[in-house]
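Just below is one structure, and these are the notes that go with it.
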Amino acid sequence: MLDACRNFLISTAALIAAFLFAACGQGALLYLAPSLTDRIVGATDLATLVLIPLLAVAFLLSGFFVPRWLRTAVPLGWLLLPIVCLYLIAVIDQPYIYGCTPLVVAGCWQMLSPFVVSAAAVAVGCLLYRMQLRARRNVV
């Protein structure tokens, strides 16, 4: 039970740190180039499009470094748990906005992409961490 609480707190702290990193990057862009970030590309502004790669980098690093601190055989599950919980809270709180279908609603992908990108980046980060562990075991 203590390990589960510890793992949940660590994975939640990693989620908060990753979101803060991405938000600070987006805020810096908004501050440094406000006229550039107001431009519309596709269905959204440029600042939102910059947020997506920042989230990917932050969660990739989170997926690579955080499993070292988790006490579990399945760190990916613990790292995905806060992302899934946040998505479920968003869907329950605003079902009409987050319950859209990307193929039907044009701007739906921009609302769902932070969750999908975050989950995919964490998975890739964990995969890279596992590959690094295997490479270390084979060298030694």
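Considering Leu79, Leu61, Leu30, which residue is of a type in the set (A, V, I, L, M), assigned to a helix (DSSP H, G or I) and over 25 Å from Gln132 (Cα atoms)? Walk me through how you get there before you give the answer.
Numbers: Leu79 fails: over 25 Å from Gln132 (Cα atoms); Leu61 fails: over 25 Å from Gln132 (Cα atoms).
Leu30 is the lone residue from the list that is of a type in the set (A, V, I, L, M), assigned to a helix (DSSP H, G or I) and over 25 Å from Gln132 (Cα atoms).
In this entry, Leu2 passes the filter for residues that are without any contact (Cβ under 8 Å) to a residue 12 or more places away in the chain and farther than 25 Å from Leu128 by Cβ. In segment 96-119, what residues are under 28 Å from Pro67 (Cα atoms) and either in contact (Cβ under 8 Å) with a residue 24 or more places away in the chain or in contact with a strand residue (DSSP E or B) (Cβ under 8 Å, 6 or more places away or on another chain) (or both)? Result: Ser113, Pro114, Phe115, Val117, Ser118, Ala119. For segment 37-92, give me each residue that is among the small types (Gly, Ala, Ser) and either surrounded by fewer than 17 Cβ atoms within 10 Å (Cβ to Cβ) or within 13 Å of the chain's Cα centre (by Cα) (or both). Those that are among the small types (Gly, Ala, Ser) and either surrounded by fewer than 17 Cβ atoms within 10 Å (Cβ to Cβ) or within 13 Å of the chain's Cα centre (by Cα) (or both): Gly42, Ala43, Ala56, Ala58, Ser62, Gly63, Ala73, Gly77.
Apart from one condition, Tyr31 fits all of (1) touching a residue at least 24 places away in the same chain (Cβ under 8 Å); (2) over 23 Å from Leu86 (Cβ atoms); the exception is (1).
Can you confirm whether Leu128 is on the phi < 0 side of the Ramachandran plot and either at pLDDT 95 or above or outside any loop (DSSP other than H, G, I, E, B) (or both)? Against the criterion (on the phi < 0 side of the Ramachandran plot and either at pLDDT 95 or above or outside any loop (DSSP other than H, G, I, E, B) (or both)), Leu128 qualifies. The single condition among (1) touching a residue at least 12 places away in the same chain (Cβ under 8 Å); (2) touching a helix residue (DSSP H, G or I) at 6+ places or on another chain (Cβ under 6 Å) that Arg39 does not meet is (1). Taken over segment 41-52, the criterion of being out of contact with any Leu (no Cβ under 8 Å at 6 or more places or on another chain), outside any loop (DSSP other than H, G, I, E, B) and not hydroxyl-bearing (Ser, Thr, Tyr) is satisfied by Asp45, Leu49, Leu51, Ile52. Residues of segment 93-107 that are in contact with a helix residue (DSSP H, G or I) (Cβ under 9 Å, 6 or more places away or on another chain) and part of a helix (DSSP H, G or I): Ile97, Tyr98.
Here is a yes/no grid of residues against (1) under 16 Å from Ala121 (Cα atoms); (2) in a loop (DSSP other than H, G, I, E, B):
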| position | (1), (2) |
| --- | --- |
| Asp3 | no, no |
| Arg6 | no, no |
| Ala14 | yes, no |
| Leu54 | yes, no |
| Val57 | yes, no |
| Thr72 | no, yes |
| Leu88 | no, no |
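How many residues does segment 91-118 contain that are of a type in the set (A, V, I, L, M, F, W, C) and in contact with a Phe, Trp or Tyr (Cβ under 8 Å, 6 or more places away or on another chain)? Explain how you work it out, then say what you get.
First, the residues of segment 91-118 that are of a type in the set (A, V, I, L, M, F, W, C): 91-92, 97, 100, 103-106, 108-109, 111-112, 115-117.
Filter again for in contact with a Phe, Trp or Tyr (Cβ under 8 Å, 6 or more places away or on another chain), leaving 91, 111-112, 115, 117.
Residues in segment 91-118 being of a type in the set (A, V, I, L, M, F, W, C) and in contact with a Phe, Trp or Tyr (Cβ under 8 Å, 6 or more places away or on another chain): 5 in total.
Among the residues making up segment 93-138, those that are surrounded by 16 or more Cβ atoms within 10 Å (Cβ to Cβ) and β-branched (Val, Ile, Thr) are Val117, Val122.
The values are calculated or read from the model by the stated rules, or taken from the named source; none is laboratory data. All values reported here derive from a predicted model rather than from experimental measurement. When we count neighbours, we look across all protein chains shown, and the Cβ atoms used for this are built from the backbone with ideal geometry, even at glycine.
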